[in-house]
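Note sheet for the following structure.
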Amino acid sequence: MPEGTLCNKNPIQTQEALKTLLSDTRGKKYYEEMKSIEVDSRLLWDTINKTFHSRMRTWLEICAHCGLCADSCFFYRIHNRDPKQVPAYKIQSSLGEIIRRKGNVDNKFMWMAMETAWAKCTCCNRCGLYCPHGIDMGVMFSYLRGLLYQQGFVPWELKIGAGMHRLYHAQMDVTDEDFVETFKWMAEEYQEDYPGLSIPIDNVGADIMYTVNAREVKHYPEALAEAAILFHLAGENWTIPSSGWEQTSLAMFAGDWEACKMQVEHVYAAMERLRPKRMVGTECGHAHRATVVEGPYWAGRKDGKPPVESLHYVEWVAEALRTGKLKIDPSKRIKERITLQDSCNYVRNHGLKEITREIIGYIVEPGYFVDMAPNRDHNYCCGGGGGLNGIGIFREQRNKALITKRDQIIKTGATLVLAPCHNCWDAIRDIEKEYRIGIRWSFLKSLLIDMVEIPEHLKLNE
Amino acid sequence: MYNFLTGPGLCLSIGICLIGLLVRGVWYVKGLNWQLDRVAYTAHPKAGIKGAVRSIVFWILPFGTRSWRAQPFMALLFYTFHIGVICIPLFLEAHQMILQEKLGLSFALLNQNLADILSWGVIISAVFLLLRRIALPEVRILTTKHDYVVLFLSVAPFITGLICRYELGNDSFWLLAHIISGEMLLIAVPFTKLSHILLFFMSRAQLGMDFGIKRGGMKGKGLTW
Ligand code: HEM
Ligand code: SF4
Ligand code: SF4
């Protein structure tokens with residue numbers, strides 16, 4: 001069978017296609033079809049010739065086969081140093097082999113490549129720091145995902161996720177109306193406690209345009225309320241765009257580059273429309289990576305920057321604490337052993353390593369913070385990065401992948417884990433669910449809400 | 001034969017090596033693409049250069065990176081091997097005499113003792129690199145025939161060179177063998193993984209620019225290699 005009805009080379013472009021795929025519970029039929037779809041070797045080889053240039057070509061070619069990258073990969077370590085989990089082996093046996101065979105690979109090979117690209121690598125880019133030649137396997141796996149996506153070999157959830165971005169400009173079926181309504185509803189809910197709390201929508205020229213992760217709208221609306229409250233208390237001149245508010249990109253995890261471009265251009269259009277001084281995004285790592293770090297390139301922006309300066313939430317919090325816009329009530333500082341998860345996507349891949357520690361300095365009583373080892377640029381992936389958290393058929397691999405982080409946390413002796421990243425937050429929640437190590441986990445916002453002082457003029461008159 | 005090998009043969013192999021490397025370097029740079037690589041190479045020259053230089057310097061410094069420190073034995077092999085393979089061909093007295101004769105110039109010389117130590121260093125570390133390839137599963141699984149060939153090509157001039165140096169066996173035979181193996185190595189450089197002599201710097205600079213420009217180099221102190 002060249003193409004399946006559910007599993008095929010076409011991206012999801014219509015509501016019907018999306019509904020049909022969604023109704024195929026856990027992708028049962030989808031994966032059944034995937035077993036017999038054909039590989040279009042011509043297309044594969046053409047794409048490679050157009051997009052596979054000197055940087056990656058050289059990486060594959062000059063790899064010294066020295067194995068120095070082995071220990072850097074958490075998959076290798078938790079699989080009892082299985083040589084098949086060495087980053088260089090994983091990439092040479094998948095992408096490297098496709099190149100050597102000039103795209104002449106079969107269905108079985110593509111299955112293996114799919115498992116390698118999504119269940120044996122989370123694109124955490126840690127190995128790139130340990131290779132003497134500067135070979136970044138994470139970058140190559142991301143590229144491989146693009147090739148696989150194009151051929152229809154992509155996990156069911158990610159095909160859906162990329163389709164959602166194409167149809168809703170969001171990772172879930174959350175419309176612009178849903179977003180605005182939910183945000184307004186949340187403000188109403190909290191207006192009694194925070195008089196004057198409001199949601200400025202589409203204000204042109206605000207200091208801050210705030211963008212979120214669609215699942216906050218759908219599953220965690222309190223996160224929207226908390227963001228609004230903190231901006232309110234800090235006295236920020238902020239706004240949300242009624243369209244172009246979704247910062248995430250499951251399309252990036254799927255390797256659907258066209259959808260990545262569509263998604264990020266939609267956010268940039270909101271920036272152009274509202275001309276805020278800055279954009280601040282929610283506590284999400286991959287969203288930041290997609291919209292701020294990689295996005296400008298998908299959108300063809302030559303300076304590699306979004307249209308306006310864009311901050312991760314932790315950068316805004318650090319600044320607000322530093323400048324005194326937000327003040328912490330000293331008696332409410334955290335007095336519990338706490339550790340911090342460094343998200344690969346904005347720490348290793350965007351340098352925000354000291355800023356989170358600056359925040360810790362304000363909110364944690366001295367002596368209660370314990371860093372994981374290793375940390376900062378060298379921290380390990382939470383175990384669920386790169387989309388792995390959400391892929392049903394690779395659940396077992398994901399659960400095993402959590403072990404590194406579990407052990408890192410146990411070693412700190414912390415009972416509270418600060419995880420300012422949706423993906424890491426999920427993974428750490430699942431560590432507790434799977435392994436019961438007795439921890440709590442939290443975003444920054446919900447901790448701050450309980451700690452910030454309310455300025456006199458915003459206080460409730462009782 | 002000897003005259004050919006030390007005359008036109010030598011020029012030819014050095015020429016192939018240098019021109020070959022030059023071509024590879026030019027191709028490398030031409031093949032970079034800001035949008036596909038997702039690095040705005042030219043938009044932020046200062047951050048780019050800083051990132052590139054840091055990426056190269058830390059990796060050349062012995063134990064300059066976390067990776068080298070995590071694998072001290074491998075680091076020791078790497079540095080012993082590479083100091084020898086780089087210094088001996090350039091600075092050995094006998095090699096300098098040829099240069100003097102051909103070009104009328106010579107630079108720093110290695111004294112004989114040091115040269116002996118470095119050469120033995122190359123051979124001993126090569127033996128361990130070889131053993132490491134065979135013994136460690138994570139290296140064995142990556143190893144191809146090409147790796148053995150390249151390693152052999154790299155040490156052959158040192159083995160034959162030392163045989164000449166200690167005058168073991170037929171002098172003129174081993175001298176010829178030394179020259180031939182050296183020239184084979186030079187010719188192999190652009191066509192094999194040995195092209196890393198240049199491409200190491202390219203690749204490291206590229207990743208350094210990636211981190212320096214895009215992945216956080218402009219936010220704070222930059223990456224800790
Ligand atoms: C500036 C010059 C050079 C630099 C920066 C450099 C750098 C490197 C690096 C980073 C590696 C990978 C790590 C390792 O496997 O040890 C390597 C491996 C290697 N290099 Fe070089 N190299 C240089 C010159 C040379 C030369 C001149 C030769 C040979 C004549 C050579 C032969 C090798 C070999 C054989 C390996 C593989 C070792 C193994 O089997 O593990 N290199 N080099
Ligand atoms: S550390 Fe780099 S050169 Fe060595 S095997 Fe891994 S990818 Fe190849
Ligand atoms: S990017 Fe991360 S998960 Fe992927 S091979 Fe490298 S170290 Fe392993």
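The values are calculated or read from the model by the stated rules, or taken from the named source; none is laboratory data. Remember, predicted model here, so these are calculated numbers, not experimental data. In this analysis, Cβ positions are derived from the backbone assuming ideal geometry, glycine residues included, and neighbour counts consider all displayed protein chains. All accessible areas refer to the heavy atoms of the entire protein, side chains included, with ligands and DNA or RNA removed. Shrake-Rupley method; radii C 1.70, N 1.55, O 1.52, S 1.80 Å.
With all protein chains present, how much of the accessible area of segment A:153-240 (probe radius 1.4 Å) comes from carbon and sulfur, to the nearest whole percent?
44 percent
Could you calculate the FRET efficiency of A:GLU38 with A:TYR368 from 1/(1 + (r/R0)^6), where r is the beta carbon distance between them and R0 is 56 Å, rounded to 0.05?
Here the calculated transfer efficiency is 0.45.
Hey, any idea what Rg/Rh is for segment A:39-154, computing Rh the Kirkwood way over Cα pairs? Write down the numbers at each step before the final one.
Working: Rg = 13.4 Å, Rh = 14.1 Å.
Here the Rg-to-Rh quotient is 0.95.
Please find the FRET efficiency linking A:ASP450 to B:PHE152, where r is the Cβ-Cβ separation and R0 is fixed at 60 Å, and quote it to the nearest 0.05.
My answer for the efficiency is 0.35.
Where only protein heavy atoms count, and the probe is 1.4 Å, what is the accessible area per residue for the protein assembly as shown in Å²?
Result: 41 Å² per residue.
I need the Kirkwood Rh of segment A:238-309: take the reciprocal of the average 1/r across all distinct C-alpha pairs and report it in angstrom. Walk me through the numbers before you get to the answer.
Numbers: mean 1/r = 0.0832 Å⁻¹.
Its Kirkwood hydrodynamic radius stands at 12.0 Å.
Each residue of segment A:287-298 in turn: what ³J(HN,Hα) in whole Hz from Karplus with 6.51, -1.76, 1.60 and θ = phi - 60°, glycine and Pro shown as x?
Per residue, the Karplus-derived 3J(HN,Hα) values read 5, 5, 4, 5, 8, 9, 8, 8, x, x, 6, 4 Hz.
Measure nothing fancy, just the Cα-based angle from helix B:196-209's long axis to the longest principal axis of chain B, in degrees from 0 to 90, nearest 10.
Between helix and principal axis, roughly 10 degrees.
Report the full-extension gain for the segment A:GLU188 to A:ARG101: residue separation times 0.36 nm, less the Cα-Cα distance, to one decimal in nm.
Full-extension gain reported as 25.3 nm.
How far apart, in nm, are two points set 7 Å out from the Cα along the Cα-to-Cβ line at A:SER242 and at A:GLU272?
Reported label-point gap for A:SER242 and A:GLU272 is 2.0 nm.
Let me know the charge dipole size of segment A:39-154 about its Cα centre in debye, to the nearest 20, where only the beta-carbon of Lys, Arg (+1) and Asp, Glu (-1) is charged.
Computed charge dipole of segment A:39-154: roughly 40 debye.
Could you state the number of Å between the C-alpha centres of segment A:396-414 and segment A:34-112?
Cα centroid to Cα centroid, the span is 27 Å.
Here are some pairs, A:LYS29/A:LYS108; B:LYS30/B:LYS193; A:LYS405/A:LYS433; A:LYS332/A:LYS411; which of them have Cα atoms lying more than 22 Å apart in this structure?
Numbers: A:LYS29/A:LYS108 17 Å; B:LYS30/B:LYS193 20 Å; A:LYS405/A:LYS433 14 Å; A:LYS332/A:LYS411 26 Å.
Pairs exceeding 22 Å: A:LYS332/A:LYS411.
Using a basic spin-label model with each label point 7 Å from the Cα along Cα→Cβ, how many nm lie between B:THR144 and B:GLU101?
The answer from the label model is 3.9 nm.
Starting from segment A:114-214, pick out the GluC sites (Glu not before Pro) whose DSSP state is loop and whose Cβ has at most 12 other Cβ atoms within 10 Å.
Qualifying residues, ordered by number: A:GLU192.
When the expected Rg is taken as 2.2 N^0.38 Å, what fraction or multiple of it is the alpha-carbon Rg of segment A:330-449?
After normalising by residue count via 2.2 N^0.38 Å, the value is 1.02.
Rounded to the nearest 20 Debye, what is the dipole magnitude of chain A about its Cα centre when Lys and Arg each give +1 and Asp and Glu each give -1 at the C-beta? Walk me through the intermediate numbers first.
Details: 58 positive and 60 negative charges, 401 e Å.
My answer is approximately 1920 debye.
Can you give the helix-only mean residue ellipticity at 222 nm for chain B, where every DSSP H stretch with n ≥ 4 adds -39500 (n - 2.57) and the sum goes over all residues, rounded to the nearest 500 deg cm²/dmol?
-23500 deg cm²/dmol
Name the residues whose placed amide hydrogens come within less than 5 Å of the amide hydrogen of A:VAL364, ignoring near sequence neighbours (fewer than 5 apart) on the same chain.
Answer set, sorted by chain and number: A:ILE334.
Between B:ILE19 and A:LYS302, what is the FRET efficiency for a Förster distance of 41 Å, r being their Cβ-Cβ separation, to the nearest 0.05? Let's see the in-between values first.
Numbers: r = 34 Å, r/R0 = 0.82.
Efficiency computed from Cβ-Cβ geometry: 0.75.
Residues of segment B:102-140 that become at least 50 Å² less accessible with every protein chain present than in their own chain isolated, using 1.4 Å: which are they?
Residues shielded by partner chains are B:GLU138.
How long are the semi-axes of the ellipsoid equivalent to segment A:158-296, from square roots of 5 times the Cα gyration tensor eigenvalues, in whole Å, largest first?
Semi-axes (√(5λ), whole Å): 25, 16, 12.
Hey, rough spin-label estimate for A:LEU458 and A:THR415, points 7 angstrom out along Cα→Cβ, what's it come to in nanometres?
Each label point is offset 7 Å from its Cα along the Cβ direction, giving 3.1 nm.
Only helical DSSP H runs with n ≥ 4 go in: add -39500 (n - 2.57) per run for chain A, normalise by residue count and round the 222 nm mean residue ellipticity to 500 deg cm²/dmol.
When only DSSP H runs of four or more count, the value is -13000 deg cm²/dmol.
Mind checking Rg over Rh on the protein assembly as shown, alpha carbons, Kirkwood formula for Rh?
1.03
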